[in-house]
Structures are given as structure tokens and as C-alpha cells.
Amino acid sequence: MKLSAKPLFFLLLLLSACAPNTPKQAVDDIPLFKQEPTLIEISKKIATYPTHADLYFERGQRLHKLKQDTLALKDFVKATQLDSTQADYFSAVGDILFENKDLDGSVVWLEKAIKINPANATARLKIAKLFLYIAQHDKAIDQINIVLRKDIYNPEAYYLKGMVYKDRKDTLKAISCFSTALQVVPDYQPAIIQLGLLYSYKKDSLALQYLDNALNIDSTDKVPFFAKGLYYENIKQYSKAIECFKQCIIKDRHYIDAYFKLGYLYMQQDSIEKSYHQYDLIIQLQPYNAAAHYNRGACNEMMKKMPEAITDYKHSLMLDTGYALPRNALKRLHINYAN
């Protein structure tokens, strides 16, 4: 079954990675390998022992942590070429391809990992994530159950099953699965955050207990702050929600969802200029964000800045020709706009 088109970039990358080796590969010429402290020693080892697959796998893991997925993918593929018996090497390739939205490529490599080691929980759970991503819930649960039959103490399996039920809008089963993950590993933060989110949707103050617990585990994580903001927004305590969303941006200035939330909440407080500022910040970070242009246009319109509003609406529609809100706004203002 066709899942997605493979990005040309990654196809070319894999083809180049699978090409015959030159006598002394040019990897040593990559400046990052000589400048990044976590890569210097491992790169020297690879230069000394160029046929050791485990060294490429280790460097690939370090590159992935550094968000250097292009180079990480090359190293993981190289590891599979040098040693085709290690399921983890194939699983690592599949994981990066999945993260970069190459679903077809991902499943091929993950299936290779499972063929090598049918008990490989890592590869099965990654395939389950893929099925969850494309909303094939039954297939996701099948993979998860295979893992749980081998290991009833796998917290990620219970967590992913909870995500499947959450996607199905079955809140009770989702809460049960996330709670089971915490029975296995009490500080399993992803499940803690999901419980916080689900209880926030229910306007249940238990959400705060879970989210504060998540922050105690990792105070640098922005997601619990965002979830707390959702809770306060749901119970209409907008000032507290605003402070939480501000904390998200302090943790990560590129957290676009937090800017949108602030824009919306300032609007609820009739602070149109503050709302405008949030959408303007999004446009500075993401100039091609059609929703930000539309919302900034709405703020301009409310501030009686009609030429600016019309420009924003037109720009929004130019970025997304199927976007109904700016089209309707221009129609309401009797502005003709043809694609």
C-alpha cells in the first residue's frame, strides 16, 4: 500500500550512501566532524577502523541528537552495509525517515529490522507509530500487542496504545493505558503529560498535578507549560493561561502554537494590539504561515486599519488558495480577489 511519496532529497541521500566506497572516503573533510566536541574522537576512531559498523552507528546517534539528520542517515545506512545482522541499525534508518515524513521508506527499513529480529520491540513500536500517524488504528494496536505479549512491562507500548485510543476519542481507554504506563515506570514523562492534557480537556484540576509532576521531572520541557495553559484557558482563567504560554516561548521562541494561543487570549481580553503583536511575531518567524497573516489581518480590521487588513487577507489567500477565512473576509469587504 502506498503511504507517501518519498522525498527526493532522501532518495538521493540513500543512493549516495549505498554507492561503492572510495579508497579514503571524504567524511573526514566534513568540518563538523573536526569541530563538534562530541564527534571528534568517534570520527578519529572511524578513520582508524573504517569497517567497524558499531562506530558509524554510534556517530549516527550523536549526529541525530545534534539534529544533523542528513549525516546521521548516512552513518546509519553505512552501518547496515557493514553489518546486516543488527536490527537496531535498520531500525535507526527507519526512524529518521519516519521523522522526516518518508513513510514508504521508513516502513521498508523497519520491516527489515523485524525480519532480522522478530522480537525487536523498538522496530515494532516505530511501525505502530507509523500506523497511528496514518490513522490505521487496528494495525497499530496489532503491533503494540505483539510487543506486550513479549514484555508486559514496556511503558512505551502502553503509552502508544493510549495515543491510539486518544486519536479514536476514547478518553477512558486512553487514560487507562497512560495510567498503566505509569504503573510500570512512575516517572514516564510522556504518559504524565498526556494524562495532564486529557484531564485539562475535562476541566479537571487533576491535570495540574500531573503537569507539575512532569515539570519536576524536566523543568526545561515546554509541553507541560502549554498543557497547563490549555487547562487554564478551558476554565477561562485567561491571565494564568497567558503566563503559561509565555513560559513556553521563553523555553522555545519558535513554539508557534503558543504565539497563536496568546493572540487568541489577548483577543478575548479585548487587547487587540497585543493580539496583533503575537501574529506579527509568528510572521517574522514563519513568513509563509497563512493563518498568521489572516489573524493579523483580522486585528488590523478591528483597529480600523483597512488597507493593512486587506493586504494581510490577500497575502493569506495567496499562501493558501483554499483557505476560506481570508476569502470570506475579502468578500465581506467587497474586495475582488481572483486566484
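The values are calculated or read from the model by the stated rules, or taken from the named source; none is laboratory data. All values reported here derive from a predicted model rather than from experimental measurement. Virtual Cβ from ideal backbone geometry, glycine too; neighbours counted across all protein chains shown.
Based on what the data block shows, is L12 assigned to a helix (DSSP H, G or I), on the phi < 0 side of the Ramachandran plot, touching a helix residue (DSSP H, G or I) at 6+ places or on another chain (Cβ under 9 Å) and at pLDDT below 95? Steps first, please.
Details: assigned to a helix (DSSP H, G or I): yes; on the phi < 0 side of the Ramachandran plot: yes; touching a helix residue (DSSP H, G or I) at 6+ places or on another chain (Cβ under 9 Å): no; at pLDDT below 95: yes.
It is false that L12 is assigned to a helix (DSSP H, G or I), on the phi < 0 side of the Ramachandran plot, touching a helix residue (DSSP H, G or I) at 6+ places or on another chain (Cβ under 9 Å) and at pLDDT below 95.
Does I144 satisfy the condition of being of a type in the set (V, I, T), buried (at least 18 other Cβ atoms within 10 Å of the Cβ), modelled with pLDDT of 95 or more and touching a Leu at 6+ places or on another chain (Cβ under 9 Å)? Yes.
If you check K203, K161, which single one turns out to be farther than 18 Å from N234 by Cα and charged (D, E, K, R)? Spell out the reasoning first.
Numbers: K203 fails: farther than 18 Å from N234 by Cα.
Answer to the selection: K161.
Scanning segment 303-332 for residues being under 29 Å from the mean Cα position of the chain (by Cα) and either basic (K, R) or outside any helix (DSSP H, G or I) (or both) gives a total of 4.
A174 meets the conditions (1) in a helix (DSSP H, G or I); (2) closer than 30 Å to I46 by Cα; (3) touching a residue at least 24 places away in the same chain (Cβ under 8 Å); (4) not aromatic (F, W, Y) in every case but one. The failed one is (2). Quick check, is T80 of a type in the set (S, T, N, Q), closer than 30 Å to Q136 by Cα, at pLDDT 90 or above and within 22 Å of the chain's Cα centre (by Cα)? Spelling it out, it is not the case that T80 is of a type in the set (S, T, N, Q), closer than 30 Å to Q136 by Cα, at pLDDT 90 or above and within 22 Å of the chain's Cα centre (by Cα).
Could you pull out the residue among N328, N295 that is closer than 17 Å to Y276 by Cβ, among the polar types (S, T, N, Q) and free of Cβ contacts under 8 Å to residues at least 40 places away in the same chain? Just a single option satisfies the conditions, and that option is N295.
Scanning segment 56-75 for residues that are surrounded by 15 or more Cβ atoms within 10 Å (Cβ to Cβ) and either among the basic types (K, R) or in contact with a Phe, Trp or Tyr (Cβ under 6 Å, 6 or more places away or on another chain) (or both) yields a total of 6. State yes or no: is K101 touching an Asp or Glu at 6+ places or on another chain (Cβ under 7 Å) and either modelled with pLDDT of 95 or more or among the charged types (D, E, K, R) (or both)? It is false that K101 is touching an Asp or Glu at 6+ places or on another chain (Cβ under 7 Å) and either modelled with pLDDT of 95 or more or among the charged types (D, E, K, R) (or both). Checked against the criterion of being in contact with a helix residue (DSSP H, G or I) (Cβ under 8 Å, 6 or more places away or on another chain), assigned to a helix (DSSP H, G or I) and among the β-branched types (V, I, T), the candidates I335, I282 yield just one match: I282.
Taking the stated definitions as given, is I235 hydrophobic (A, V, I, L, M, F, W, C) and out of contact with any Lys or Arg (no Cβ under 7 Å at 6 or more places or on another chain)? Give the steps one after another, and end with the answer.
Working: hydrophobic (A, V, I, L, M, F, W, C): yes; out of contact with any Lys or Arg (no Cβ under 7 Å at 6 or more places or on another chain): no.
In short, no.
Out of N300, N289, one residue alone is within 31 Å of the chain's Cα centre (by Cα) and at pLDDT 95 or above. It is N289.
Condition first: assigned to a helix (DSSP H, G or I), surrounded by fewer than 21 Cβ atoms within 10 Å (Cβ to Cβ) and in contact with a helix residue (DSSP H, G or I) (Cβ under 6 Å, 6 or more places away or on another chain). Now tell me which residues in segment 183-193 satisfy that.
In the first step, residues of segment 183-193 are kept if they are assigned to a helix (DSSP H, G or I); the result is 183-184, 189-193.
Still in the list and also surrounded by fewer than 21 Cβ atoms within 10 Å (Cβ to Cβ): 183-184, 189-190.
V184, Q189, P190 - these are the residues of segment 183-193 that are assigned to a helix (DSSP H, G or I), surrounded by fewer than 21 Cβ atoms within 10 Å (Cβ to Cβ) and in contact with a helix residue (DSSP H, G or I) (Cβ under 6 Å, 6 or more places away or on another chain).
Quick check on segment 194-204. Is at least one of its residues touching a helix residue (DSSP H, G or I) at 6+ places or on another chain (Cβ under 6 Å), closer than 26 Å to L265 by Cβ, at pLDDT below 95 and not in a helix (DSSP H, G or I)? Yes, segment 194-204 contains at least one residue that is touching a helix residue (DSSP H, G or I) at 6+ places or on another chain (Cβ under 6 Å), closer than 26 Å to L265 by Cβ, at pLDDT below 95 and not in a helix (DSSP H, G or I).
Residue pairs whose Cβ atoms lie under 7 Å apart, sitting 6 or more positions apart in sequence or on different chains, and linking a residue in segment 31-45 that is surrounded by 14 or more Cβ atoms within 10 Å (Cβ to Cβ) to a partner that is in a loop (DSSP other than H, G, I, E, B), are E36/L66.
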